[in-house]
1. Read through the list (1) at pLDDT 95 or above; (2) among the basic types (Lys, Arg); (3) within 16 Å of Ala121 (Cα to Cα), then give the number of the only condition that Lys4 fails.
2. Would you point out the residue of the range 174-199, among those that are in contact with a Pro (Cβ under 8 Å, 6 or more places away or on another chain) and of a type outside the set (Ser, Thr, Tyr), that is surrounded by the fewest Cβ atoms within 10 Å (Cβ to Cβ)?
3. In the range 233-252, what residues are of a type in the set (Ser, Thr, Tyr) and either over 15 Å from Phe162 (Cβ atoms) or at pLDDT below 95 (or both)?
4. Just checking, which of Ser563, Ser552 is surrounded by fewer than 24 Cβ atoms within 10 Å (Cβ to Cβ), in a helix (DSSP H, G or I) and either modelled with pLDDT under 95 or more than 20 Å from the chain's Cα centre (by Cα) (or both)?
5. Could you check the range 238-257 and list, in sequence order, the residues that are touching a Ser or Thr at 6+ places or on another chain (Cβ under 7 Å), part of a strand (DSSP E or B) and touching a residue at least 60 places away in the same chain (Cβ under 8 Å)?
6. Tell me, yes or no, whether the range 596-611 has at least one residue that is modelled with pLDDT under 95, more than 18 Å from Pro491 (Cβ to Cβ) and of a type in the set (Ser, Thr, Tyr).
7. Of these, Ala259, Ala243, which one is of a type in the set (A, V, I, L, M, F, W, C) and open to solvent by 40 Å² or more (accessible area, probe 1.4 Å)?
8. May I ask you to list the residues in the range 198-227 that are among the hydrophobic types (A, V, I, L, M, F, W, C) and within 16 Å of Val238 (Cα to Cα)?
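The values are calculated or read from the model by the stated rules, or taken from the named source; none is laboratory data. Just so it is clear, the structure is predicted and the values come from calculations on it, not from any experiment. Cβ placement follows ideal geometry from the backbone for every residue including glycine, while neighbour counts extend to all protein chains displayed. These area figures cover heavy atoms from the full protein model, side chains too; ligands, DNA and RNA do not enter into them. Shrake-Rupley method; radii C 1.70, N 1.55, O 1.52, S 1.80 Å.
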Amino acid sequence: MSAKLGVYICTGCAIGETIDAGKLATVAGRECKAAVCRTHPALCGSEALGEIRQDIAGGAVDTVVVAACSPRFKAESFSFNHGTVLERVNLREHVAWCHKPQDEDTQMLAEDYLRMGVARAQKTEPLKPLADEISKTLLIVGGGVTGITAALEAAEAGYAVFLVEQEKNLGGYAALVKKHFPIAPAYTSLVPDGIQANCEAVMYHPRIRVFCSTQVARIEGQPGMFDVTLKTESGQQVVRAGAIVVATGWKPYDASRLAHLGYGVSPNVVTSLEFERMAATGPVVRPSDGGLVKRVLFIQCAGSRDPNHLAYCSSSCCMTTLAQTTYIHEQDPETEVYVVYKDIRTPGQYERFYRAAQDQPLNFFTKGEVTAVKKSADGQLAVTVDHTLLGESIVLRVDLVVLATGMVPNGSEQILKLAYRQGPELPVLQDGFPDSHFVCFPYETRRTGIYAAGAARAPMDEAQARQDAAGAALKAIQSVELACRGGALHPRGGDLSYPSFFLQRCTQCKRCTEECPFGALDEDVKGTPKPNPYRCRRCGVCMGACPERIVSFHNYSVDMIASMIKAIEVPEEDEDKPRVLALVCENDAYPVLDLAGQQRRQYDPSVRVIPLRCLGSLNIVWIADALSRGIDGVIMIGCKYGDDYQCHFTKGSELAQKRLDNVKETLQRLQLEPERLQLTQLAINEWDKLPQVFDSFVNRIRELGPNPYKGF
């Protein structure tokens, strides 16, 4: 027990009317051996905070337990120097606002939470932040519109930049475009190319160093200390970067797979990119014989929104087609243009440009599906369109067919060549885009300090790519600044802890290196983990994965949570008071609890909540400890995952689900019913479901009866 424990209990916000603060203070003094224990009607006020700081400064306490509101509130108020251990006990949202006032069970709940908070505080060590020499230079891979914009934004913010482009010139696909989408009122006319001016600005910027005709040969290290080997025309060169922005852009979908749309059947069937090059370099003619075109047909979603090709919308194809219809009428106002579409997608102000295209008398738009493109004897193409707005099939005879092919990210090739145990490239989704937290953290990838932007991240047009580039550059800057302080990136932004490994007991099982969602661990030839602490997001998944329990943080460990479980008072069997342990993710489930409390939604007071950094950090020894101590049931609540939602640490909830098989084995060994365990996913907006989830589980536990291990 710490001789310098200080417990400070707030009685405001209905806490004092709900529980007996005097009895709580007695628990702090007699059981927890607090050197200082104070109650105050407004603990977050200047008077009470001044007393706490005075106790710290005078050496009376070095470990502070604040029993008041949720730790998600008043974080700045309850912020003391780094040498002081601080633990928050949630008496407001989790006790006073969601349970009966002046009730025996409510009082027992508050006292248990205090015991658990003290146990956690006493197992916490003061944090010592990482302190290494950190590079603030950013590496941007890709010299198209996204990469150029990211480089300029970062440089203007005062950061040095290495810009790497594999081609001889900057600009990417944007440099091939004849004209660009409208970007200013009245949004009805195309605008000249502006990429060349930005290319020159990058080339001559004092904080940007440009590498053209250059490829990345290898990247090793971690945020703040990435050692990047560049393969240039003159040889190899190693540079150090603090963070990386991947702006490698896109390539058009392989049109050779679209033979049913005529590509490869006739040279007069071209892709939208091929058409753009034709328009930029001279008059648009029939590739077969150089003859002028009088009738042109555009096929939208050529291979897009099709489960056999690209399942997604490529975002910019519709606008590209509208721009290209303008080229045709600039060349010859008498040319007829047909656009066959599934849907026309022109969001925001782009709708004005679509209306302008519709007003062109020789533009004909029809919703339908092209089922055949065939050559005619006279050299024209016969295009069959089914399911039109007219409800009938039509055949259009045209000189040229343009396929609006979709975007494919340039992420599947060997680009970064990371020296990571989990693979040389960014983990990608089934469509080839980087696997990131698409709900809360755009630009993030599963490689800390490496950010995806532009069409390498998601399908988008040039205007969107510029905005994306600025966002990714800002995230990269945030990454190097936090690395300088030794702090983690989100979702635990600024966390100064990091994992330590007691390698003498390591069995080289490789579970930690395999399950880490962010590739923070490499390994030697024997399989012993080699930590890269600046890659770590502090999720604790490695801690949950380790069967030998050799992984811990100064403020989060297997022993700490086990001590909190042991601090729960378990009533005797004849008292008819079940005890349920809830292990909840701090990212969604814990806020859900807070929201339920704020809405004064009551639930069974038998539940004792312990927040986990991620459900993926769950170590099955905690469940065994809880059940062997006589706790009647354990419920685990984590983030939702799937197509429409995602765990904050990417894979935590899924890993917890997989580990349940091991938990079932533990139950069989203990001869306990598997119904005493439950794993649930909740989104942060599902607070209204929480009381029912808890109450339903407690009712099931009551039906099962007391844990036979009570009293042992």
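1. Every listed condition holds for Lys4 apart from (1).
2. Val191
3. Ser234, the sole residue that qualifies.
4. Step by step, each of Ser563, Ser552 is checked, and only Ser563 is surrounded by fewer than 24 Cβ atoms within 10 Å (Cβ to Cβ), in a helix (DSSP H, G or I) and either modelled with pLDDT under 95 or more than 20 Å from the chain's Cα centre (by Cα) (or both).
5. Answer for the range 238-257, where residues must be touching a Ser or Thr at 6+ places or on another chain (Cβ under 7 Å), part of a strand (DSSP E or B) and touching a residue at least 60 places away in the same chain (Cβ under 8 Å): Arg240, Ala241, Ala243, Pro252.
6. no
7. Exactly one of Ala259, Ala243 is of a type in the set (A, V, I, L, M, F, W, C) and open to solvent by 40 Å² or more (accessible area, probe 1.4 Å), namely Ala259.
8. Correct list: Val210, Phe211, Cys212, Val216, Ala217, Ile219, Met225, Phe226.
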